[in-house]
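First up is the structure itself, then whatever we jot down about it.
The values are calculated or read from the model by the stated rules, or taken from the named source; none is laboratory data. From a predicted model like this one, the values you see are computed outputs, not experimental measurements. Note that each Cβ is placed from the backbone with ideal geometry, even for glycine, and that neighbours are counted across all protein chains shown.
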Amino acid sequence: MKRTMKRTMKKTHVSTVINGDEIDFLCDPSQTLLDVLRDELQMTGTKEGCGTGDCGACSVTVDGVLVCSCLVLGVEAEGAEIQTVEGMAGPDGDLHPLQRKFVEHVALQCGICTPGLLIAARSLLANNPDPSEQEVRFGLAGNLCRCTGYHNIIKAVLDAAAEMRSA
Amino acid sequence: MNNTQYKAPASVEKAIELFSGAEIGGKLLAGGTDLLVQMHSDMIAPALLIDLKKIPQLRAIEKEADGYRIGAAVSGVELMNHTGFCTTWPGVMDGVKLIGSLQVKGRASVGGNICNASPAADSVPPMIAAGALATVVGPDGARIVPVEDIGVAPGRNSLQQGEIVVSFLLPNQLAGSGGAYQRFTPRTEMDIAVVGVAVNLTLDKAGICSHARVAVGAVAEKVLLVKQAGDALIGTRVQDDATDNLVTAVRAACRPIDDKRGTREFRVQVAGVLARRVVATALERAKGSGQNP
Ligand SMILES: Cc1cc2nc3c(=O)[nH]c(=O)nc-3n(C[C@@H](O)[C@@H](O)[C@H](O)COP(=O)(O)OP(=O)(O)OC[C@H]3O[C@@H](n4cnc5c(N)ncnc54)[C@H](O)[C@@H]3O)c2cc1C
Ligand code: FES
Ligand code: FES
């Protein structure tokens, strides 16, 4: 039912910058930014866990602000600068220190929560390059992980923060 | 089934024109953290979404002669990043900081928290305790509404057809003022208050309480301003008898639901405990607060 509805709807044209690239898309006004990224732009790095703001798997930044893309409309992204997990590794495929430390510390199992955690962790470190363990735990409280028990995620973020400070 | 339309007007006048002109099914959109969840679960399918975030007045945080004015669509994170507001209104910030995760606060506004009219909304008790006044504008002009008069029942507010909350004024307080909010939740983060209590009080130079307002959330169909609880402190040094009277007044005002998250008895009991705790914090803050802001 929803699917046929979408097809008949009048689409809105939206211009954005995503991970540094100018990207325009067409979307229906009730479509979330998460659905636009995944279904219209085939950028499936950003995950959907709940669709209701509870899990953080869909975390992206919009104009530098960390948000759940499932709680943002695609049309609201007009003129905005968006960062997703696809933009974290360098152009030559060099992993971001956070990504490298996640691998080193085995901070993921199924990996569904990982893109959201990476984006949230990068946002945390941008505001606070030297967080305490407690600050990391609070900073990532909006990202749920059903597999790892969080311990290795926290270790990976603290380790990446230390490396990024000394870089 | 309707096709949703989206409009992002740049002025209050334009927003009201759209909102009152939209026959039915027009919805105001601030941060969307309630609205999009309701749309996702097919509770609502608005014909027109009116995004308020492009209206400068709704996004401003300003120190005016009478106090701090915050736009209704200012996000939690924007408030957290505003040092002046945070130091002046720590009790309000206790509530704002509890709204969901950082991701949620990146979008969620105090205006939406209040207009959504959940009796458990965390910024509402401290805004009421602060004596915050909403500027509401509609097709018939502007009016000033105390925050305690906005929520009516879960999901229902007192705004009239076509009305929009533009901003909130948090009136200046005297030196020696302090506020605090605490809630009880089964989990420490990302949960809905089972009870929440806020206080805002002022001590004069002699240490006597000259002003106190107490508000309690999640114990009735809306957040309650408990006048008797504030009055129990006024004229006292906010010590044993006074705080006992405050606790009694808070408990007497509670008329909570009984559900799996908290029984009636539990909610009433906890409301009193939290009232005592927030008063202790507010006193510390009042003693530490310097000049009249
Ligand atoms: C995962 C998650 C966790 C949460 N946890 C908490 C929590 O712990 N504590 C808590 O209190 N809340 C919590 N919330 C809810 C909280 O985010 C919302 O209540 C939020 O504050 C609403 O603001 P908004 O800007 O997102 O409003 P929106 O969703 O945009 O709007 C909410 C309602 O208010 C109306 N409205 C908005 N602005 C105005 C205006 N200026 N004038 C008139 N009407 C208006 C809208 O039409 C809508 O009906 C949570 C939400 C999520 C998704
Ligand atoms: S999918 Fe957005 S928070 Fe879960
Ligand atoms: S690794 Fe599976 S949810 Fe986190």
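Points worth noting:
- Verdict on A:C27 being under 16 Å from B:M39 (Cβ atoms) and within 16 Å of ligand 3 (Cβ to nearest atom): no
- Residue satisfying all of: in segment B:102-119; in contact with a strand residue (DSSP E or B) (Cβ under 8 Å, 6 or more places away or on another chain) and either within 13 Å of chain A (Cβ to nearest Cβ) or at pLDDT below 95 (or both); nearest to A:A57 (Cα to Cα) among these: B:Q103
- Residue check, A:C50 touching a Cys at 6+ places or on another chain (Cβ under 9 Å) and within 13 Å of ligand 2 (Cβ to nearest atom): yes
- Subset of segment A:141-166 (residues that are among the aliphatic types (A, V, I, L, M), in a loop (DSSP other than H, G, I, E, B) and without any contact (Cβ under 8 Å) to a residue 24 or more places away in the chain): A:A141
- The set of residues in segment B:184-201 that are crowded, with 23+ Cβ neighbours inside 10 Å and assigned to a strand (DSSP E or B) comprises B:V195, B:G196, B:V197, B:A198, B:V199, B:N200, B:L201.
- Filter result for A:D54 (free of Cβ contacts under 8 Å to residues at least 24 places away in the same chain and surrounded by fewer than 21 Cβ atoms within 10 Å (Cβ to Cβ)): no
- Evaluated against (1) in contact with a helix residue (DSSP H, G or I) (Cβ under 7 Å, 6 or more places away or on another chain); (2) crowded, with 18+ Cβ neighbours inside 10 Å, B:I44 falls short on exactly one condition, (2).
- B:R261 at pLDDT below 95 and either within 17 Å of B:E148 (Cβ to Cβ) or among the basic types (K, R) (or both): yes
- The sole residue among B:I257, B:I234 that is outside any strand (DSSP E or B), in contact (Cβ under 8 Å) with a residue 12 or more places away in the chain and hydrophobic (A, V, I, L, M, F, W, C) is B:I234.
- Verdict on A:R137 being within 14 Å of chain B (Cβ to nearest Cβ), farther than 21 Å from A:E86 by Cα and either surrounded by fewer than 22 Cβ atoms within 10 Å (Cβ to Cβ) or under 18 Å from the mean Cα position of the chain (by Cα) (or both): yes
- Those residues of segment A:112-147 which are more than 15 Å from ligand 2 (Cβ to nearest atom), modelled with pLDDT of 95 or more and over 15 Å from A:A161 (Cα atoms), in sequence order: A:C147
Rundown of residues vs (1) at the interface with chain A (Cβ under 10 Å from one of its Cβ atoms); (2) closer than 30 Å to B:V197 by Cα, yes/no style:
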{"position": "B:N3", "(1), (2)": "yes, no"}
{"position": "B:P9", "(1), (2)": "no, no"}
{"position": "B:G25", "(1), (2)": "no, no"}
{"position": "B:V37", "(1), (2)": "yes, yes"}
{"position": "B:A47", "(1), (2)": "no, no"}
{"position": "B:M93", "(1), (2)": "no, yes"}
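- Filtered by the rule that a residue be over 11 Å from the mean Cα position of the chain (by Cα) and farther than 12 Å from B:H40 by Cβ, segment A:44-64 gives A:G49, A:C55, A:D63, A:G64.
- Residues in segment B:119-138 that are of a type outside the set (G, A, S), away from ligand 1 (no atom under 13 Å from the Cβ) and buried (at least 24 other Cβ atoms within 10 Å of the Cβ): B:I128 only.
- Some residue of segment B:54-63 being closer than 19 Å to B:I114 by Cβ, surrounded by fewer than 21 Cβ atoms within 10 Å (Cβ to Cβ), more than 16 Å from ligand 3 (Cβ to nearest atom) and in contact (Cβ under 8 Å) with a residue 40 or more places away in the chain: yes
- Search result, residues across segment A:24-60 that are within 12 Å of chain B (Cβ to nearest Cβ) and assigned to a helix (DSSP H, G or I): A:L33, A:L34, A:D35
- Index of the failed condition, B:R213 passing every other in (1) touching a strand residue (DSSP E or B) at 6+ places or on another chain (Cβ under 6 Å); (2) outside any strand (DSSP E or B): (2)
- Some residue of segment B:141-151 being farther than 19 Å from B:R213 by Cα and in a loop (DSSP other than H, G, I, E, B): no
- Of all the listed residues (A:G149, A:G111, A:G93), the sole one being surrounded by fewer than 18 Cβ atoms within 10 Å (Cβ to Cβ), farther than 21 Å from B:V77 by Cα and under 14 Å from the mean Cα position of the chain (by Cα) is A:G111.
- With respect to (1) more than 16 Å from ligand 2 (Cβ to nearest atom); (2) out of contact with any Asp or Glu (no Cβ under 6 Å at 6 or more places or on another chain), the lone exception for B:D191 is condition (1).
Condition check ((1) assigned to a loop (DSSP other than H, G, I, E, B); (2) within 16 Å of ligand 3 (Cβ to nearest atom); (3) within 18 Å of A:T46 (Cβ to Cβ)) across all residues:
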| site | (1), (2), (3) |
| --- | --- |
| A:K101 | no, yes, no |
| A:V106 | yes, yes, no |
| A:A120 | no, yes, yes |
| A:R137 | no, yes, no |
